[in-house]
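Following: one structure in structure tokens, then a few remarks.
The values are calculated or read from the model by the stated rules, or taken from the named source; none is laboratory data. If you're wondering where the values come from, they're calculated on a predicted model, not measured in any experiment. Positions of Cβ are backbone-derived with ideal geometry, glycine not excepted, and every protein chain shown enters the neighbour counts. Remember, those area values only see protein heavy atoms, side chains included, never the ligands or the DNA or RNA. Shrake-Rupley method; radii C 1.70, N 1.55, O 1.52, S 1.80 Å.
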Amino acid sequence: MNSSAPRAPQGSGRSFRLLSTQRAAPAALGFLSASLALYFGRFFSEDPMSVVELGQVVGWSFAGVTVLALTGRNRGVNLTEDALVVVHGGRRAFPWAGIERLEVRRAFGVRQVVAHLTDGRRTTLPAPTSFLDPRFDDKVRELTAYWEERRFSPPPAAAPPPAPAP
């Protein structure tokens, strides 16, 4: 086996995922706002939307919110012994030694964790995020402690191959 070949992250550690409310709330607010705009807009139209049609729009809106709440459950991060694995559409693994620092940033009132990489790039983690999560600070402390314990240690050695049978 070539020792310089990149290894897949080993072992399963802690993971952080977006909560159902974190996925559905923005869509619910958007659908509610759009439904209210349609409702009030119907009074200013020459061909106003009937209450039945408006009910159908609101029903489809709630169906869309439900789908959003149920999808994307895997979006988040996995903490393995070798790397921080970001799951956001695809999977990207960042070795602990390749992460220079973790920073909490605020954007539009929501705090998120940004991983600054040793090559100068940075990536915003999809989870944890402070939006509707009262345990955000605890999760950031846990993530930071996990990184600090592993950032200077070499990756775990691969298990030796089994001895041949006599």
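Against the conditions (1) assigned to a helix (DSSP H, G or I); (2) modelled with pLDDT under 75; (3) loosely packed, with under 14 Cβ neighbours inside 10 Å, where does PRO48 fall short? Just the number, please.
That leaves (1) as the condition not met.
Scan the stretch 122-139 residue by residue and report those that are open to solvent by 40 Å² or more (accessible area, probe 1.4 Å) and in a strand (DSSP E or B).
ARG122, THR124 - these are the residues of the stretch 122-139 that are open to solvent by 40 Å² or more (accessible area, probe 1.4 Å) and in a strand (DSSP E or B).
So PHE16 passes all but one of these: (1) open to solvent by less than 70 Å² (accessible area, probe 1.4 Å); (2) assigned to a helix (DSSP H, G or I). Which condition number does it fail?
(2)
GLN22 versus (1) in a helix (DSSP H, G or I); (2) exposed (fewer than 14 other Cβ atoms within 10 Å of the Cβ): which is the lone unmet condition?
Every condition holds for GLN22 apart from (2).
Residue-by-condition table, conditions (1) open to solvent by 70 Å² or more (accessible area, probe 1.4 Å); (2) in a loop (DSSP other than H, G, I, E, B); (3) touching a residue at least 60 places away in the same chain (Cβ under 8 Å):
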| residue | (1), (2), (3) |
| --- | --- |
| ARG105 | yes, no, no |
| VAL114 | no, no, no |
| GLY120 | no, yes, no |
| ARG141 | yes, no, no |
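Mind counting the residues in the stretch 52-76 that are open to solvent by less than 100 Å² (accessible area, probe 1.4 Å), modelled with pLDDT under 75 and farther than 15 Å from ALA28 by Cβ?
1
In this structure, does PRO156 turn out to be at pLDDT below 95 and within 13 Å of the chain's Cα centre (by Cα)? Break it down stepwise before answering.
Working: at pLDDT below 95: yes; within 13 Å of the chain's Cα centre (by Cα): no.
So PRO156 does not fit the description; no.
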